[in-house]
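The numbers here are math on the coordinates, done by the rules we state, and not lab data. These figures come from a predicted structure and were not determined experimentally. Glycine gets a Cβ as well: all are built from the backbone with ideal geometry, and neighbour counts include every protein chain shown.
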Amino acid sequence: MTKAVLALALAASMLPAALIAQALPAGESLPPSLTLEQALDIARQTNPGLRQTLNDADLADWDVREAYSRFFPTASASAGVQWQGAGEQTFGSLTLGDLGFTDQPSYYLSNYRLGLTYTLDWATLRGPAQAKAGRRTTEAQIGAAEAGLVTQVTNAYLEVLRRQEALRVARLQLENSDFNLRLAQAQLAVGAVTGIDVGQAEVQVGRSRVQVLQAENGVETARLRLLQQLGQPISQVRDQPLELTTQFGLSEPTWDVESLEAQARQSNPTLRTRRASRESADIGMSVARSSYMPTLSLSTAWSGFTREASSTDFQVAQAQQQIAGSIAQCIATNDLYSRLANPLPPIDCSRFTFTDVQRQRIIAQNDQFPFGFQQSPLTVSLQLSIPIFQGLGRERNLAAARLQRDDLVEQVREQEIALEADIAIGLANARTAYESALIEESNRLLAEQQLRLARERYQLGEITFVDLVAAQTVLAQAEADRISAIFAYHDLVTSLEALVGTPLRQ
């Protein structure tokens with residue numbers, strides 16, 4: 001049979017083609033007819049597994065932003081309040097009582113601190129490059145996940161068409177069985193056969209009905225699996241009609257191995273992911289060397305505090321004691337001056353007195369809590385740290401990074417070799433499947449001719465009903481083999497597309 005005739009026969013057995021419609025918007029119901037392109041667009045939007053993988057892109061973007069943020073200083077701010085109860089306080093082996101300070105009141109304290117720290121090292125300098133490499137790896141992994149989803153949806157779409165074609169053949173066999181039953185009944189009416197033929201025909205009709213029932217269940221099962229791949233809730237779309245309208249024609253695989261291999265080296269999702277991981281590992285080796293590099297740190301801080309006594313009696317008493325001590329010192333000095341051979345004029349001790357103004361000043365100075373801060377001295381520090389010996393941890397980490405990079409290099413080479421073998425095998429299998437489909441189509445046409453001839457001979461009484469059933473069985477097997485060969489071809493092309501990383505069918 002020519003290729004043109006085979007293409008026409010396949011088109012007649014498949015559903016008609018439709019124009020590519022727009023993708024299903026999120027939240028809307030499925031369209032009554034669905035092309036493969038629509039199914040893929042819907043799956044990209046709503047498939048839960050792919051959506052989880054897509055979320056990794058946001059985290060990878062934040063990793064890049066975070067890597068750049070390390071070039072800016074870190075800032076910290078803190079504030080607090082504290083209450084200290086009345087009582088003795090110790091300073092080493094002494095107490096305030098030993099120093100003459102008794103009846104200490106309780107205190108209210110508050111403080112604040114604003115600090116800035118800037119650190120620069122080799123890991124910080126290489127951070128953006130490492131984060132970008134990680135983002136490229138994530139993007140490659142997302143591409144691989146999307147490519148895997150495309151393959152899964154395509155296989156599920158093809159499975160529905162396969163089951164629909166099997167249902168068409170089962171119904172055709174039921175029609176043939178019904179025809180054979182009517183033929184046997186007509187032969188019985190003219191006395192050409194016995195009732196045994198009619199009984200056998202009825203059994204054949206029953207078996208055909210069972211096959212139709214099983215084929216209908218297969219179509220529904222495949223449809224639900226397709227909806228599952230599309231990320232659709234089965235409870236909401238179970239009873240919704242769905243017609244698959246993409247036509248899969250049978251065309252000769254004219255691709256050559258060299259062009260497919262060249263395309264796969266550029267587009268194969270797994271190879272792209274491993275290459276991105278290898279590039280990230282190269283930068284990881286550079287980052288691992290940061291433990292040998294010096295670290296520069298610059299820090300400064302602004303701080304303040306308040307301290308307020310619950311009662312100013314203690315402070316007033318201290319001030320009064322100081323005045324009393326000054327008066328006693330003044331009197332002793334005047335007494336000394338009066339004993340000199342040439343007495344000096346006495347000092348006016350009346351100027352040492354504790355006034356109400358001083359009392360008010362003490363009270364006002366004590367009123368600080370919580371916001372009457374006293375500024376602490378500004379501090380600025382610069383530090384350069386050079387690692388000299390830290391055990392063998394640095395050497396071990398660097399060796400681990402180098403080995404990881406070497407492993408990824410081998411994984412890339414392994415994937416390239418596997419692609420060459422898989423593409424060559426896949427293309428050979430696709431060509432074999434194409435030729436097999438041509439032969440199976442010819443076999444089906446021959447089986448149809450044999451069935452027509454068997455019916456004519458049965459009507460003439462040249463063969464038995466068993467021979468007629470055998471001819472129908474041969475046709476049923478030829479139809480099943482033809483469907484299997486056609487869809488085996490499309491399955492192989494789908495696998496080949498997954499290897500190449502780009503569509504091969506129009």
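In region 288-399, how does Rg compare with the Kirkwood Rh, expressed as the Rg/Rh ratio over alpha carbon atoms?
1.44
Give me Trp62, Trp255 sorted ascending by neighbouring Cβ count inside 10 Å, so fewest comes first.
Ordered by Cβ neighbours within 10 Å, fewest first: Trp62, Trp255.
Nearest 20 debye, what's the magnitude of the dipole of the chain about its Cα centre given +1 on Lys and Arg Cβ and -1 on Asp and Glu Cβ?
Value, rounded to 20: 880 debye.
Just want the answer: with Cβ charges of +1 for Lys and Arg and -1 for Asp and Glu, which residue in Ala437, Ala424, Leu451 is farthest toward the dipole's positive end in region 358-506?
Ala424
Looking at Ala129, Ala488, Thr273, which one has the Cα that reaches farthest to the positive end of the dipole of the chain (charges on Cβ: Lys, Arg +1; Asp, Glu -1)?
With unit charges placed on the Cβ atoms, the residue in question is Ala129.
Please work out which option in (i) 24.2; (ii) 30.9; (iii) 46.9 gives mean projected area of the Cα convex hull in nm² calculated from these coordinates, and answer with its label.
Evaluating mean projected area of the Cα convex hull in nm² on these atoms matches (iii).
Want the number for Ala328 to Gln477: 0.36 nm per residue separation, take away the alpha-carbon distance, what's left?
Roughly 40.7 nm would be gained on extension.
Dividing the Cα radius of gyration by the Kirkwood radius, what Rg/Rh value follows for region 260-314? Don't jump to the answer; show the numbers that get you there.
Working: Rg = 29.4 Å, Rh = 17.7 Å.
Using only Cα positions, Rg/Rh for region 260-314 is 1.66.
Okay, helix-only estimate at 222 nm for the chain: each DSSP H run of n ≥ 4 adds -39500 (n - 2.57), divide by all residues, round to 500 deg cm²/dmol; what do you get? Intermediate results must be reported in sequence, preceding the final value.
Numbers: 12 runs with 323 residues, N = 506.
When only DSSP H runs of four or more count, the value is -23000 deg cm²/dmol.
Tell me which residues come under 5 Å, amide H to amide H, from Ser33 once H is placed; ignore anything under 5 positions away on its chain.
For Ser33, whose amide H was placed from the backbone, the distant partners under 5 Å are Glu243.
Alpha carbons only, please: Rg and Dmax for region 224-272, in angstrom.
Expressed in Å, the Cα Rg and Dmax of region 224-272 come to 18.1, 47.
From Cα pairs below 8 angstrom and at least 6 apart in sequence, can you work out the relative contact order of the chain, rounded to a whole percent?
About 23 percent, as a whole number.
I want to make sure I understand the PRE zone here: with the label point 7 angstrom from the Cα of Leu298 toward its beta carbon, which residues in region 379-420 have backbone N atoms less than 19 Å away?
379-386
If you put +1 on each Lys and Arg Cβ and -1 on each Asp and Glu Cβ, how big is the dipole of region 423-462 around its Cα centre, in Debye rounded to 20?
So the magnitude is around 40 debye.
Using only the Cα atoms, work out Rg/Rh for region 318-476, with Rh taken as the Kirkwood radius, to two decimals. Kindly include the intermediate steps, with their values, before the conclusion.
On the way: Rg = 57.5 Å, Rh = 30.0 Å.
For region 318-476, the value is 1.92.
Treating only the Cβ of Lys, Arg, Asp and Glu as charged (+1, +1, -1, -1), what charge dipole size does region 251-341 show about its Cα centre? Round to the nearest 20 debye.
I would put it at about 320 debye.
Let me check the size of region 27-81 from its C-alpha atoms; what are the radius of gyration and Dmax in Å?
21.5, 70
Any chance you could give the angle, 0 to 90 degrees and rounded to 10, that helix 48-69 forms with the longest Cα principal axis of the chain?
Roughly 30 degrees, rounded to the nearest 10.
State the answer as a single residue: which of Thr138, Phe371, Gly191 lies farthest towards the positive end of the charge dipole of the chain, with beta carbon charges of +1 for Lys and Arg and -1 for Asp and Glu, about the Cα centre.
Phe371
Identify the chymotrypsin sites (Phe, Trp or Tyr not before Pro) of region 361-453 meeting these criteria: DSSP loop state and at most 13 other C-beta atoms within 10 Å of the C-beta.
Values: sites: Phe371, Phe373, Phe389, Tyr434; in loops: Phe371, Phe373, Phe389.
Here the chymotrypsin sites (Phe, Trp or Tyr not before Pro) that fit, given the DSSP loop and packing criteria, are Phe371, Phe389.
May I have the extent of the alpha carbons of region 395-483 along their three principal axes, as whole Å values ordered from largest to smallest?
93, 21, 12
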